[in-house]
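Engineer: Quick one: this structure, given as structure tokens, is what I'll be asking you about.
The values are calculated or read from the model by the stated rules, or taken from the named source; none is laboratory data. Model, not experiment: these values are computed from the prediction. Positions of Cβ are backbone-derived with ideal geometry, glycine not excepted, and every protein chain shown enters the neighbour counts. Remember, those area values only see protein heavy atoms, side chains included, never the ligands or the DNA or RNA. Shrake-Rupley method; radii C 1.70, N 1.55, O 1.52, S 1.80 Å.
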Amino acid sequence: MKRSYDHNAIEEKWTAEWEKHPVNQNDGSKPKYYCLDMFPYPSGNGLHVGHWRGYVISDVWSRYKMMNGHYVIHPMGWDAFGLPAENYAIKTGKQPAESTAENIANIKKQIKQIAAVYDWDMELNTTDPGFFRWTQWIFEKLYEKGLAYQKEMPINWCPSCKTGLANEEVVDGKCERCGSPVTKKDLKQWMLKITAYADRLLDDLDKLDWPEKVKKMQTEWIGRSYGAEVDFPIEGREEKITVYTTRPDTLFGATFMVLAPEHALAASLATDETRKAVEDYIEYAANRSNVDRLQNKEKTGVFTGSYAVNPMNGKNIPIWLSDYVLADYGTGAIMCVPAHDDRDFEFATKFDIPVIQVIAKDGKEIENMTEAYTEASGTMINSGEWNGMESAVLKKEAPHIVEKMGIGRAKKNFKIRDWVFSRQRYWGEPIPVIHCPECGDVLVPEEELPLTLPEVEHYEPTGTGESPLAAIDSWVNCKCPKCGKDAKRETNTMPQWAGSSWYFLRYVDVDNDKELVSREKADKYLPVDMYIGGVEHAVLHLLYSRFWTKFLYDIGVIGFDEPFKKLFNQGMITGKNGIKMSKSKGNVVSPDDLVRDYGCDSLRLYELFVGPPELDSEWDDRGIDGVYRFLSRFWNMVQDNKDRDVAETPELIRTRHQLIDTITQRLEAFSLNTVVSGFMEFNNRLSKMEGVDRKTLETYALLLAPFAPHIASEVWEELGNKTSVFDESWPVADKSAIKDDTKEIGVQINGKVRGTVKIAVDASKDEAMAAAREALADKLEGKTAVKEIYVPGKIINIVIK
RNA sequence: GCAGGUAUGUCGGAAUGGCAGACGAGGCAGACUCAAAAUCUGUUGUAGGCAACUACGUGUGGGUUCAAGUCCCACUACCUGCACCA
């Protein structure tokens, strides 16, 4: 009996079936494959079609791995702490715990529409005390190892979010979340010593199968450089000023020195004549905003009135202050070589400071220098005993030379700073520390974890730099676990990145109340083989997770030190003209109506068909008609052939193996958009044939299963199979059966196609040329061929004069 | 400024150096229908021609090659990231 394609009925049927009999079972014998999505934060806005894309990609890949004999770990959870969740609660006038739970329920319902093979027994939620107990535990371990510490310092402060931010959360001087200009605020902060892992975080990138773009971004963020620290005596004083330089080869060219206005010695270097100007400048710099500093790079500065001594040649050089020198990089002071550094050159020109060239350019000294010569190539000049050396060689040796001379030492520096880890907000993991007037900082005893948030009426941010928790006396006041005397709790909470820095470890042992993950399960099921998500986490989440994974490896919790072997960044789905989908732009496309009207299978296919998965794609609703029509035609083809018992022909066998080969190759190459067009192509080809045999239809259904699981399952069943498609193995193409016997190939004259011939693919050159000459007889009339090229199965080219 | 990415019909996009535009959307024409929708068939890069056909055509300008969207050199535009890190 023929049936028409009723996507709703089919999808309801299989949803119920999979609810009862999940297809992804761990029978203990199969090798594991861990395919992970970046877990969402449960926003109140729900999912749009852009969110679907990554989940569809990871599900296709998971199902493909299942059919290749793997037990696939494919979990889903909720990153529910943090600013967005709290802001949403404030906006709707609810408790964060309440609104978060509602949002999770809502998003879970929407995610289920995707029909991905998530293992819901592994579901986790970062705000669940059973989960964040271990987030707090990791913090305590970090503290015990000296990797969590407190520091009073000016930190990045978002006046709109009313909280401190990590460096990674500041983009162009603005808050990564809300876009407000970030200011500085002096606060005592918890810091995590990510800098202690800088070398490993950088070096281990080589081990990872990640997009080069992301590796590069992390490399630049960590920003390692090699150079030297050199000590410059101060004329007439005991102290020395240490500078960091990557170009110690240019030491003889240092004609002045610049200190950051925040440098400890800055004010004290002023003389009576310069004191007023120096103090004014220090104040000016302190009040200058980040944004202004980033946008307006015109050099400003003031001469302190003091001089340093260049330790190489004993010459006095003036000491200046300028905010182009950063206080928290290197030593906060630099030696300036205007001849060989653009910024120093600009400064020297503006303030009329001498320029001494120490590297010959093209073998000579430049007359009337108009820009710095920044290459480390050329012979040293004006450099005393270093004259005649090659600067490239000297650049490497100079750190050791200054070390021997006792005026400096080799030094490596990083751009990455320690991670500002406290937030002055309510909705986060409380930092499990108690401040005791007697004992100092004491960790909340491990057996008392989790330390949960108090239930409160008001949790809005205070804006004063104090967490709202500070106002809750009943929570703040406690007894010191060490001495039992009155003490106070730490009131800052952890940033939203805390839970996501390790959640992927927890999925495989989600109910463990003894350990964050058992070592046995970690060894068996971790790490993540494939991680799929947006590129927006290139330095934030992905750097923090690598840091925590390395730490947990170091303390023996897990046996690997990189969390994600392979990373795939899917492109963003945008609205018309590449505009990001957002509620305020009014261009959000919800999947709900599309699922109802076209079905889950159609939407899944269209998410892939819309463009190459790694590139951004503009959403166009009309396109989904195309994939729906395709599925209907496939369905009809099955209906037309299923009861006919069509015999296999050589052509059908060949087509079937070509189909397997095409789909598998494109899938392996992650070219998912062309997988879908491949299915369409073969559907068109098969429908033009006299009939399609059962084996070919079955093969088609198996190949389609990871992409459109419902219709594939239904067809598989209709063809008389009792098993699940996902218990079948992925078809293997017989390469020898793929080849066509004859093929139509193009015939060119002088590289331009002038006709075609149909010849055997293994035809000899003579046969091929004979056929070509015959086909193009009229055009070759009276011409002499000077060269004949024949590439079997591809092309014939006849070159004539 | 530095680094990376992208550029192909009306649109989304295909093309291991080998017939550019697969596949789809949209358009046009036709079939079915009282009619419309749906469906099916044909057609659809540009210019010229009744036609067979011819010329041109993958951001721009050069080059390598029998043959270039693809390789090399030099540019342009847009996007992303970083940006006074000494």
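Engineer: If you go through region A:46-62 one residue at a time, do you hit one that is touching a helix residue (DSSP H, G or I) at 6+ places or on another chain (Cβ under 6 Å) and among the basic types (K, R)?
Structural biologist: yes
Engineer: Of the residues A:T696, A:T662, only one is buried (at least 21 other Cβ atoms within 10 Å of the Cβ) and either free of Cβ contacts under 8 Å to residues at least 60 places away in the same chain or assigned to a loop (DSSP other than H, G, I, E, B) (or both); which?
Structural biologist: A:T696
Engineer: In region A:550-566, how many are crowded, with 22+ Cβ neighbours inside 10 Å and under 25 Å from A:A116 (Cβ atoms)?
Structural biologist: Going through region A:550-566 one residue at a time, the tally reaches 2.
Engineer: Here is a further query. Kindly list, by first and then second residue, each pair from a residue in region A:597-621 that is within 16 Å of A:G571 (Cα to Cα) and within 6 Å of RNA strand B (Cβ to nearest atom) to a residue that is open to solvent by less than 10 Å² (accessible area, probe 1.4 Å) and basic (K, R), limited to pairs with Cβ atoms under 9 Å and residues at least 6 apart or on different chains.
Structural biologist: Taking only residues 6 or more apart or on different chains, the pairs are A:V610/A:R53; A:S617/A:R53.
Engineer: Whether any residue in region A:56-78 is under 24 Å from A:I663 (Cβ atoms) and modelled with pLDDT under 90 is what I want to check.
Structural biologist: no
Engineer: Right, next: Look through A:A285, A:A308 and report the one residue that is among the hydrophobic types (A, V, I, L, M, F, W, C), free of Cβ contacts under 8 Å to residues at least 40 places away in the same chain and open to solvent by less than 20 Å² (accessible area, probe 1.4 Å).
Structural biologist: Result: A:A285 is the single residue among A:A285, A:A308 that is among the hydrophobic types (A, V, I, L, M, F, W, C), free of Cβ contacts under 8 Å to residues at least 40 places away in the same chain and open to solvent by less than 20 Å² (accessible area, probe 1.4 Å).
Engineer: Can you say whether A:T649 is within 15 Å of RNA strand B (Cβ to nearest atom) and either polar (S, T, N, Q) or open to solvent by 20 Å² or more (accessible area, probe 1.4 Å) (or both), as far as the supplied structure shows?
Structural biologist: So A:T649 does not fit the description; no.
Engineer: On the given criteria, is A:D740 open to solvent by 50 Å² or more (accessible area, probe 1.4 Å), among the acidic types (D, E), within 14 Å of RNA strand B (Cβ to nearest atom) and under 30 Å from A:V60 (Cβ atoms)?
Structural biologist: yes
Engineer: Which of the residues spanning region A:156-174 are open to solvent by less than 10 Å² (accessible area, probe 1.4 Å), part of a strand (DSSP E or B) and within 15 Å of RNA strand B (Cβ to nearest atom)?
Structural biologist: Of everything in region A:156-174, just one residue is open to solvent by less than 10 Å² (accessible area, probe 1.4 Å), part of a strand (DSSP E or B) and within 15 Å of RNA strand B (Cβ to nearest atom), namely A:L165.
Engineer: Mind checking which residues of region A:705-725 are open to solvent by less than 30 Å² (accessible area, probe 1.4 Å) and hydroxyl-bearing (S, T, Y)? Full working, then the answer.
Structural biologist: Start the filter on region A:705-725 by keeping residues that are open to solvent by less than 30 Å² (accessible area, probe 1.4 Å), which leaves A:705-716, A:719, A:725.
A:S713 - this is the single residue of region A:705-725 that is open to solvent by less than 30 Å² (accessible area, probe 1.4 Å) and hydroxyl-bearing (S, T, Y).
Engineer: Here's another thing I want to ask about it. What are the residues in region A:293-334 that are among the hydrophobic types (A, V, I, L, M, F, W, C), in a loop (DSSP other than H, G, I, E, B) and more than 8 Å from RNA strand B (Cβ to nearest atom), if any? Steps first, please.
Structural biologist: Restricting attention to region A:293-334, the residues satisfying the condition of being among the hydrophobic types (A, V, I, L, M, F, W, C) are A:294, A:302-303, A:308-309, A:312, A:317, A:319-321, A:325-327, A:333-334.
Then drop every residue that is not in a loop (DSSP other than H, G, I, E, B), which leaves A:312, A:325-327.
Of everything in region A:293-334, just one residue is among the hydrophobic types (A, V, I, L, M, F, W, C), in a loop (DSSP other than H, G, I, E, B) and more than 8 Å from RNA strand B (Cβ to nearest atom), namely A:M312.
Engineer: What about A:R604, is it closer than 20 Å to A:Y5 by Cα and crowded, with 22+ Cβ neighbours inside 10 Å?
Structural biologist: On the way: closer than 20 Å to A:Y5 by Cα: yes; crowded, with 22+ Cβ neighbours inside 10 Å: yes.
Judged against the criteria, A:R604 is a match.
Engineer: So, in region A:743-794, exactly how many residues are touching a helix residue (DSSP H, G or I) at 6+ places or on another chain (Cβ under 8 Å), farther than 25 Å from A:Q658 by Cα and more than 11 Å from RNA strand B (Cβ to nearest atom)?
Structural biologist: Residues that pass the stated criteria total 2.
Engineer: If only one of A:A339, A:A392, A:A372 is at pLDDT below 95 and in a loop (DSSP other than H, G, I, E, B), which one is it? Let's see the steps before the verdict.
Structural biologist: On the way: A:A339 fails: in a loop (DSSP other than H, G, I, E, B); A:A392 fails: in a loop (DSSP other than H, G, I, E, B).
Just one listed residue meets the conditions, A:A372.
Engineer: Follow-up question, since we're still on this one. Quick one: in region A:196-214, of everything that is within 13 Å of RNA strand B (Cβ to nearest atom) and surrounded by 18 or more Cβ atoms within 10 Å (Cβ to Cβ), which residue is nearest to A:G463 (Cα to Cα)?
Structural biologist: Residue satisfying both the conditions and the ranking: A:A198.
Engineer: Of the conditions (1) at pLDDT 90 or above; (2) open to solvent by 10 Å² or more (accessible area, probe 1.4 Å); (3) within 14 Å of RNA strand B (Cβ to nearest atom), A:G179 satisfies every one except a single condition; which number is it?
Structural biologist: Failing condition for A:G179: (1).
Engineer: Moving on to the next point. Within region A:338-347, identify whether any single residue is within 13 Å of RNA strand B (Cβ to nearest atom), surrounded by fewer than 16 Cβ atoms within 10 Å (Cβ to Cβ), farther than 23 Å from A:P233 by Cβ and in contact (Cβ under 8 Å) with a residue 24 or more places away in the chain, and answer yes or no.
Structural biologist: Yes: region A:338-347 contains one or more residues that are within 13 Å of RNA strand B (Cβ to nearest atom), surrounded by fewer than 16 Cβ atoms within 10 Å (Cβ to Cβ), farther than 23 Å from A:P233 by Cβ and in contact (Cβ under 8 Å) with a residue 24 or more places away in the chain.
Engineer: A follow-up question, please. Which of the residues spanning region A:567-601 are β-branched (V, I, T) and either more than 18 Å from A:G626 (Cβ to Cβ) or surrounded by fewer than 20 Cβ atoms within 10 Å (Cβ to Cβ) (or both)?
Structural biologist: Within region A:567-601, A:T574, A:I579, A:V588, A:V589 qualify.
Engineer: Look at A:S713 and say whether it is away from RNA strand B (no atom under 15 Å from the Cβ), closer than 30 Å to A:N569 by Cα and within 38 Å of the chain's Cα centre (by Cα). Spell out how you get there, then give the answer.
Structural biologist: Working: away from RNA strand B (no atom under 15 Å from the Cβ): yes; closer than 30 Å to A:N569 by Cα: yes; within 38 Å of the chain's Cα centre (by Cα): yes.
Yes: the conditions hold for A:S713.
Engineer: OK, next. Tell me, which residue of region A:348-381 that is without any contact (Cβ under 8 Å) to a residue 60 or more places away in the chain and closer than 18 Å to A:G301 by Cα is surrounded by the fewest Cβ atoms within 10 Å (Cβ to Cβ)?
Structural biologist: Among residues in region A:348-381 that are without any contact (Cβ under 8 Å) to a residue 60 or more places away in the chain and closer than 18 Å to A:G301 by Cα, the one surrounded by the fewest Cβ atoms within 10 Å (Cβ to Cβ) is A:D352.
Engineer: Follow-up. Could you look through region A:525-541, keep only residues that are of a type in the set (A, V, I, L, M, F, W, C) and either part of a loop (DSSP other than H, G, I, E, B) or touching a Pro at 6+ places or on another chain (Cβ under 9 Å) (or both), and pick out the one that is surrounded by the most Cβ atoms within 10 Å (Cβ to Cβ)?
Structural biologist: A:V528
Engineer: Quick one: would you say A:S671 is under 17 Å from A:P709 (Cα atoms), surrounded by fewer than 19 Cβ atoms within 10 Å (Cβ to Cβ) and either within 11 Å of RNA strand B (Cβ to nearest atom) or not β-branched (V, I, T) (or both)?
Structural biologist: no
Engineer: For region A:405-495, which strands (runs of 3 or more DSSP E) that fit wholly inside it have 1 or more residues that are of a type in the set (D, E)?
Structural biologist: Counting at least 1 such residues, we get A:440-443, A:486-489.
Engineer: Next question. Name the single residue that is nearest to the chain's Cα centre (by Cα) among those in region A:625-637 being more than 7 Å from RNA strand B (Cβ to nearest atom) and crowded, with 22+ Cβ neighbours inside 10 Å.
Structural biologist: The extreme case among them is A:L631.
Engineer: For A:E86, are the conditions met, namely being under 24 Å from A:E169 (Cβ atoms), assigned to a helix (DSSP H, G or I), of a type in the set (D, E, K, R) and in contact with a Lys or Arg (Cβ under 9 Å, 6 or more places away or on another chain)?
Structural biologist: For A:E86, the condition - under 24 Å from A:E169 (Cβ atoms), assigned to a helix (DSSP H, G or I), of a type in the set (D, E, K, R) and in contact with a Lys or Arg (Cβ under 9 Å, 6 or more places away or on another chain) - is met.
Engineer: Residues in region A:587-596: is at least one within 14 Å of RNA strand B (Cβ to nearest atom) and polar (S, T, N, Q)? Walk me through it before giving the result.
Structural biologist: To start, the set of residues in region A:587-596 that are within 14 Å of RNA strand B (Cβ to nearest atom) comprises none.
No: zero hits.
Engineer: Among the residues of region A:396-415, write down those that are surrounded by 21 or more Cβ atoms within 10 Å (Cβ to Cβ) and not small (G, A, S).
Structural biologist: Result: A:P399, A:V402.
Engineer: Being in a strand (DSSP E or B) and in contact (Cβ under 8 Å) with a residue 60 or more places away in the chain is the filter here; which residues of region A:175-215 pass it?
Structural biologist: Result: A:P181, A:T183, A:K184, A:K185, A:L187, A:Q189, A:W190, A:M191, A:L192, A:D209.
Engineer: In addition: Answer yes or no as to whether A:E176 is within 29 Å of A:A97 (Cα to Cα) and either among the acidic types (D, E) or touching a Cys at 6+ places or on another chain (Cβ under 7 Å) (or both). Break it down stepwise before answering.
Structural biologist: Numbers: within 29 Å of A:A97 (Cα to Cα): yes; either among the acidic types (D, E) or touching a Cys at 6+ places or on another chain (Cβ under 7 Å) (or both): yes.
So A:E176 passes the test.
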